[in-house]
1. Less than 15 Å Cβ to Cβ from VAL144, Lys/Arg counted +1 and Asp/Glu -1: what total charge do the surrounding residues give?
2. Have a look at ILE232, ILE168, ILE49 and tell me which one the Gaussian network model of the chain (Cα, springs below 10 Å) gives the largest fluctuation.
3. What is the extension gain from GLU20 to THR180, computed as 0.36 nm multiplied by their sequence separation minus the C-alpha to C-alpha distance, in nm to one decimal?
4. Using only Cα atoms and rounding to the nearest 10 degrees, what angle (0 to 90) does helix 77-87 make with the longest principal axis of the chain?
5. Tell me the net charge near ARG122. Cut-off is 13 Å between Cβ atoms, ARG122 excluded, with +1 for each Lys or Arg and -1 for each Asp or Glu.
6. Lysine pairs, Cα distance under 24 Å, 8 or more residues apart or cross-chain: how many in the chain?
7. To the nearest 0.05, what FRET efficiency results for GLN40 and LYS105 with a Förster distance of 51 Å applied to their C-beta separation?
8. Counting Lys and Arg as +1 and Asp and Glu as -1, each charge on the Cβ, what is the dipole of the chain about the Cα centre in debye, to the nearest 20?
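Readers should treat all values here as calculations from the given coordinates under stated rules, not as data from a laboratory. Owing to the predicted nature of the structure, the values given are computational and were not obtained by experimental measurement. We place every Cβ from the backbone using ideal geometry, glycine too, and count neighbours over all the protein chains shown.
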Amino acid sequence: MPKAKNTRLVSYPIQGGSVEYLVDMEQVQRLNQQLLETTQQIKTRNDYIAEENRIKQERAELESRNRLYERISCLVKPQLEQIDTLLGAPEGCGKKELAHAAVLKAYIKRRSNMELLAASGRLTVVELASAVAESLDYVRLCSVNTATSAVGTGSYPAAMVIAAYEQIEGITEKSLDTLTDMIVTIRSDKERLIVRVMLRAESFSYETNGIWQNAEGFSHHASITKEGQDMIIVLAFREGGGRK
């Protein structure tokens with residue numbers, strides 16, 4: 001049996017011999033080609049969708065990072081402005097101004113780091129103690145005797161730990177011009193975080209009503225004991241809000 005173009009000779013055994021016939025392969029080949037083209041189109045479309053999704057994800061992550069960096073810039077704006085003032089004074093920048101700027105830069109670094117870590121929702125006492133220790137290292141450049149210690153390794157709502165660090169920094173910045181001694185003790189006690197600041201400084205006042213105040217996810221209050229230039233400020237924070 002002659003074999004025509006685009007045909008296939010098919011043979012099947014039967015009793016007493018075999019049967020042979022020609023199958024037109026043109027339609028099969030056409031269907032295979034269509035299937036190949038359709039498969040390629042689907043792959044191309046899937047690749048396009050995957051690339052589009054990747055670009056969307058990268059854009060969303062970039063926008064999220066930009067919002068975070070903008071938030072951090074706003075949070076440390078007062079310190080950035082103080083640094084500009086210290087370093088841009090018309091009379092020049094001396095050792096005292098450089099030391100003060102270094103204290104502010106240390107806070108900017110650690111506060112920014114806390115904001116990045118706060119995405120998990122909680123921060124540890126270790127992070128707070130490390131930030132305070134670094135800040136006090138730079139406070140020493142201002143001819144201040146400093147020391148810090150921490151007891152416990154608990155974790156608390158990020159906003160609560162950040163509030164503790166911000167209050168310590170606020171005390172430091174307000175007293176820095178006349179500050180001579182500063183000791184910060186941090187204690188973690190279950191749901192409570194206690195910060196004790198002992199300092200000696202002239203012309204420094206710290207106001208508090210001593211009443212527990214509720215914040216997002218925690219409550220806090222401060223108490224003060226003062227004798228002459230010596231002052232002890234106790235900052236108490238409790239997870240969950242309310243006094244116990």
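1. -3
2. With Cα springs under 10 Å in the chain, the top fluctuation among ILE232, ILE168, ILE49 is at ILE49.
3. 46.8 nm
4. 60 degrees
5. Around ARG122, the charge tally is -3.
6. 16
7. 0.35
8. Using only the charged Cβ atoms, the result is roughly 660 debye.
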